[in-house]
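The values are calculated or read from the model by the stated rules, or taken from the named source; none is laboratory data. Everything numeric here is computed off the predicted structure, so don't read it as measured data. All Cβ positions, glycine included, derive from the backbone under ideal geometry; neighbour counts span all protein chains shown.
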């Protein structure tokens, strides 16, 4: 039996469209419920671990450690899949859950994958806020990378003041590497504020401004 080439192409196209379709409400609700249940189980195990430790019960401690680990490991793939929902409510749920998962479980990679999938302008606007407000430095770092790829320079300029030095340095280098002219004055201002004790990203800014402006100075006033 042979297939007509056009019919075959149409069949492939329909399959591709089906795969690209956003999550339905039922599937999204199921994924959210699974992520919530896993997070609840992990946090409960954390509390029971402390109780077992106080009671000097190594067997109970080992059991709760296993439950905690297995529960946290379930969360990243669920959050990445939720990125297919492409709506602001789901994005906020993803962030809320991911912010409570220890960085070693890789939720930051799942959040980055979700952010990349979610093309809705309202979601992308919310991602800008998340990059500055989330508690986890690992999450803020990957969102700075995501926004740098989208050339959202205004957010990276604000991230120069991030309380985590790695986040601030990452934002600075992305601005420097892309030669973002509107970032020069904010970087000079930030350099001036840090030059008293030369803390934080002072050296990153000094070297970066030297590269951008063609001269390397030790004080902001010299720029």
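Which of the residues spanning the stretch 166-202 are within 22 Å of residue 138 (Cα to Cα), assigned to a helix (DSSP H, G or I) and free of Cβ contacts under 8 Å to residues at least 24 places away in the same chain?
Scanning the stretch 166-202 gives 177, 202.
If only one of 147, 132, 112 is at pLDDT 95 or above, assigned to a helix (DSSP H, G or I) and buried (at least 22 other Cβ atoms within 10 Å of the Cβ), which one is it?
Going through 147, 132, 112 in turn, the sole match is 147.
Restricting the search to the stretch 203-223, which residues are touching a residue at least 12 places away in the same chain (Cβ under 8 Å) and in a helix (DSSP H, G or I)?
204, 205, 206, 208, 209, 211, 212, 213, 220, 221
Could you please find all residues in the stretch 192-205 being farther than 16 Å from residue 166 by Cα and under 28 Å from the mean Cα position of the chain (by Cα)?
193 - this is the single residue of the stretch 192-205 that is farther than 16 Å from residue 166 by Cα and under 28 Å from the mean Cα position of the chain (by Cα).
Of everything in the stretch 43-73 that's surrounded by 17 or more Cβ atoms within 10 Å (Cβ to Cβ) and under 30 Å from residue 24 (Cβ atoms), which residue is farthest from the chain's Cα centre (by Cα)?
The selected residue is 71.
Return yes or no: is residue 139 buried (at least 20 other Cβ atoms within 10 Å of the Cβ) and more than 18 Å from the chain's Cα centre (by Cα)?
no
Which of the residues that make up the stretch 191-208 are in contact with a helix residue (DSSP H, G or I) (Cβ under 6 Å, 6 or more places away or on another chain) and closer than 25 Å to residue 149 by Cβ?
Those that are in contact with a helix residue (DSSP H, G or I) (Cβ under 6 Å, 6 or more places away or on another chain) and closer than 25 Å to residue 149 by Cβ: 200, 201, 204, 205, 208.
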